[in-house]
Amino acid sequence: MMGKREACDDPANLEDIEELHISQDPDSAYARKSLRTVAVKSFRRRKTDSDQPEDFPSPLSADPNFFLPGRASVFVKTWGCSHNNSDGEYMAGLLAAAGYTVLLEDSKKDTADLWLLNSCTVKGPSEQTFVNDIKRGTDRGKKVVVAGCVPQGNPKGDAWKGLSVIGVQQIDQVVEVVEETLKGNSVRMLKEAKVIGEDGSKKKAGGTRLDLPKVRRNPYIEIIPINTGCLNQCTYCKTKHARGDLGSYPPSEIVSRVEQVLDEGVQEIWLTSEDTGAYGHDINTTIVSLLDSIISAMTSHPNQTAMLRVGMTNPPYILKHLHDIARILSHERVYSFLHVPVQAGSNRVLSDMRRAYTREDFKRVVDVLRSEVEGGITVATDVICGFPTETEEDFEETLELLREYEFSVLHISQFYPRPGTPAARLPRLPTHETKRRSRLATQLFESYEKNSHLIGSIQKVLVTDRSSDGKFYVGHNKLYQQVLVEADEKYMGR
């Protein structure tokens with residue numbers, strides 16, 4: 001048995017700790033398996049001019065006024081967190097349902113007529129990669145549509161000036177935007193979606209409907225967004241500019257989606273949002289109530305092997321639910337795993353970050369979960385090195401916290417100023433100092449054993465993915481620890 005746990009101090013390589021277990025570039029055969037989840041027109045090879053009769057011109061013929069809906073290929077690329085990945089899968093599904101040929105692999109992008117680029121704004125390097133791909137696409141003569149948090153948070157950005165833009169709450173309009181773009185038009189859809197609440201007032205919607213068609217990158221994993229936006233006002237965060245304030249989906253819509261994907265044979269369900277613990281604050285319910293409803297639906301469904309993974313939560317909104325969350329994470333159908341970012345071990349820095357909790361609050365979260373979740377739990381966390389107001393003493397407090405808890409999953413990132421955020425206006429620490437601190441945190445993480453206690457044990461694992469080198473299949477045990485197994489087809493999905 002081989003376990004895998006990672007620390008990452010290169011933000012360009014990892015946007016979100018939840019991406020540790022997502023295959024970002026599956027091979028063609030594996031990616032195509034997910035297309036079976038869309039019960040619509042089958043995917044087909046796009047005919048070339050030489051394939052088509054003389055009276056049936058190419059979809060993108062020399063005549064710029066010619067256009068036939070659905071007769072084109074679209075390359076879909078997504079950066080960032082699991083919420084963004086879910087958005088990308090929905091857009092791919094809608095395009096597939098409209099008859100478009102959807103391409104997910106980088107190796108196929110040059111054959112596409114249009115590039116749909118779904119961006120992440122968490123860190124500067126990921127945004128720059130997105131901008132580079134825009135230029136690469138336009139330089140190659142491709143039609144380009146941009147989506148995601150980057151243009152939503154900065155609608156007037158020069159890199160997408162004149163291009164079609166899809167906002168984070170308008171992904172259900174992707175077919176119309178793509179069709180208009182193929183016609184040579186530029187469309188921008190960025191307005192915040194609203195719903196009518198029980199009291200008759202307008203409230204922010206959670207997002208587009210959850211029952212839309214979807215092309216999953218991994219046919220065994222369904223990512224369900226439960227809310228968009230958050231309640232925090234972190235001084236370094238650009239995502240708030242894009243996703244905005246909290247907007248929760250109704251519990252009934254989420255539970256209905258769970259039942260739907262269980263019918264389709266999905267084996268892992270990931271609940272995702274910018275902050276799962278904040279779910280329901282805007283619609284008079286709680287994350288605990290939602291999770292209990294989901295577990296009830298899962299235990300009564302014929303699909304009795306699927307597992308549930310609860311997504312990232314910030315400490316402030318989980319504190320009053322700790323005992324219930326421990327009970328839920330102990331359930332046999334729920335992974336004993338929770339991602340709780342700490343970001344800094346210094347109360348002074350946490351205050352400057354406007355994180356709305358203290359070091360002691362975070363420790364209470366970890367202590368209660370570690371003591372009350374039956375069979376143990378994996379608590380994943382994040383730290384930011386080199387926040388502008390972080391002193392050497394502050395950083396040492398962060399190291400002390402890491403030494404005390406020896407987290408087996410730790411995402412270490414360097415501070416990157418995001419334009420328009422309060423922290424971006426603060427004087428930065430020298431780059432070499434920020435890098436030095438991230439190296440020290442990484443060295444500490446690598447100094448202790450994570451999985452040696454598992455040697456000789458027998459683990460029950462659910463296999464849903466393959467390793468990045470393609471040599472192994474990847475399973476997870478109850479604590480969501482990665483286990484590599486022989487790449488034998490009989491194990492996949494079991």
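The values are calculated or read from the model by the stated rules, or taken from the named source; none is laboratory data. On a predicted model such as this, the values are computed, not experimentally measured, just so you know. Neighbour counts run over all protein chains shown; Cβ positions are idealised from the backbone, glycine included. Surface areas here come from the heavy atoms of the whole protein model, side chains and all, with no ligands, DNA or RNA. Shrake-Rupley method; radii C 1.70, N 1.55, O 1.52, S 1.80 Å.
For the peptides 255-264, 448-457, 381-390, residues were scored by their other Cβ atoms within 10 Å and the scores averaged per peptide; the highest-first order is 381-390, 255-264, 448-457. Full extension of the chain segment joining S296 with E396 gains 31.5 nm, where the gain is 0.36 nm per residue of separation less the Cα-Cα distance. Taking a ≥ b ≥ c as the square roots of the eigenvalues of the alpha carbon gyration tensor, region 393-494 is prolate, as a/c is not under 1.5 and a/b beats b/c.
Exposure check, 1.4 Å probe, all protein chains in place: V340 carries approximately 0 Å² of accessible surface.
Round to a whole number: what % of the accessible area of region 353-407 belongs to carbon and sulfur, probe 1.4 Å? The computed percentage sits at 43. Working from the Cα coordinates of region 250-376, the gyration tensor eigenvalues give, after taking √(5λ), semi-axes of 28, 16, 12 Å in decreasing order.
Once the chain from E332 to E180 is taken as fully extended at 0.36 nm per residue, the excess over their C-alpha distance is 49.9 nm.
From the Cα gyration tensor of region 325-471, with a ≥ b ≥ c the square roots of its eigenvalues, which class applies: rounded if a/c is under 1.5, or else prolate if a/b is larger than b/c, or else oblate? Prolate, since a/c reaches 1.5 and a/b exceeds b/c.
Applying 0.36 nm per residue to the separation of E192 and N284 and subtracting their alpha-carbon distance, the gain on full extension is 31.0 nm.
Accessible surface comparison of F445, F472, probe 1.4 Å, protein chains only, largest first: the order is F472, F445.
Which FRET efficiency value, to the nearest 0.05, do you get for D367 and D469 by plugging their Cβ-Cβ distance into 1/(1 + (r/R0)^6) with R0 = 51 Å?
Given R0 = 51 Å and the Cβ-Cβ separation, E is 0.85.
Each of the peptides 287-295, 355-363 was scored by the mean count of other Cβ atoms within 10 Å over its residues; in descending order, highest first, they stand as 287-295, 355-363. Rounded, prolate or oblate, given the Cα gyration tensor of region 150-191, with a/c below 1.5 counting as rounded? Taking the square roots of the gyration eigenvalues as a ≥ b ≥ c, region 150-191 is oblate.
Label-to-label distance, K435 versus R348, with points set 7 angstrom from Cα along the beta-carbon direction: 2.7 nm.
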